[in-house]
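Encoded as structure tokens, here's the structure I'll be asking about.
The values are calculated or read from the model by the stated rules, or taken from the named source; none is laboratory data. A quick note: this is a predicted structure, and the numbers were derived from the prediction, not measured. Counting neighbours? That spans all protein chains shown, and the Cβs are built from the backbone with ideal geometry, glycine included.
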């Protein structure tokens, strides 16, 4: 049952959303408090976990067609759709309780609605679902920032949120590339078709360049300061190197580490 819950809640992805929220919390220029920081991390992780459960209920027919997802608890009938929905709803309520404030709860609700009611149904209808769904990545840091006491319209958190939006597209694009046959089998259109899967799409290169350029805004705007800024400035180099040599096996895990890298630098910066 533990394995089924881990799969239902997609633990790694949910925790990564929590890390993004923690980055937003740490970015706010105040000493911060450990309980509040943990609430941002745990609350967003729970919202993401609950959203994952509801998503799997909505996509249970698709999941049966894909090798990657056939072993999920709903297609395997380890959980019923009603049971998975109830589990997701309970986890979401717990997440909202941890976030506490009206603004953070509103942002969390907007993220769930966008993910479940906009992105999920669009996946089988248009290739643009990927960049549209990437907007979900902008919500966690804004939730963390707001929980710390910041205004979600502040340019600093908009910069970080926009950067994580840019990060989402190559992240999931490379994921599509890994599981291209599965996506075709399920009838999910691939962004830019075969060119994107081969790594030759100009659109893919555009997002890679935008991610690298956007990353430099953090030290340029003073959001990451020395000595962390010096190390962070080196971040785009492996991305460009791995992309030029089309080394997807190295590029994918490296890009996955980006939210962790930003959060780690903000943690170290907060302690200096």
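Could you identify the single residue in 174, 163 that is at pLDDT 90 or above and within 20 Å of residue 253 (Cα to Cα)?
163
Still on this structure, please answer the following. Can you go through 44, 103 and tell me which one is in contact with a helix residue (DSSP H, G or I) (Cβ under 6 Å, 6 or more places away or on another chain), in a helix (DSSP H, G or I) and modelled with pLDDT of 95 or more?
44
Looking at the range 183-209 only, could you name the residues that are assigned to a helix (DSSP H, G or I), modelled with pLDDT of 75 or more and crowded, with 17+ Cβ neighbours inside 10 Å?
Residues satisfying the conditions are 183, 186, 204, 207, 208.
Does residue 143 satisfy the condition of being more than 22 Å from residue 7 (Cα to Cα), out of contact with any strand residue (DSSP E or B) (no Cβ under 7 Å at 6 or more places or on another chain) and assigned to a helix (DSSP H, G or I)?
Criteria met by residue 143.
Still on this model: Can you list residue pairs whose Cβ atoms sit under 7 Å apart, with the first residue in the range 157-172 being surrounded by fewer than 23 Cβ atoms within 10 Å (Cβ to Cβ) and the second being not in a helix (DSSP H, G or I)? Count only pairs 6 or more apart in sequence or on different chains.
159/221; 159/223
OK, next. Mind counting the residues in the range 72-86 that are over 14 Å from residue 62 (Cα atoms) and surrounded by 18 or more Cβ atoms within 10 Å (Cβ to Cβ)?
3
Still on this structure, please answer the following. (1) modelled with pLDDT under 80; (2) surrounded by 13 or more Cβ atoms within 10 Å (Cβ to Cβ); (3) more than 19 Å from the chain's Cα centre (by Cα); (4) not in a loop (DSSP other than H, G, I, E, B): which one isn't true of residue 268, the others all being true?
Every condition holds for residue 268 apart from (1).
Let me confirm something: among 111, 89, which residue is touching a helix residue (DSSP H, G or I) at 6+ places or on another chain (Cβ under 8 Å), at pLDDT 95 or above and loosely packed, with under 15 Cβ neighbours inside 10 Å?
On the way: 111 fails: loosely packed, with under 15 Cβ neighbours inside 10 Å.
Within the list 111, 89, the selection yields 89.
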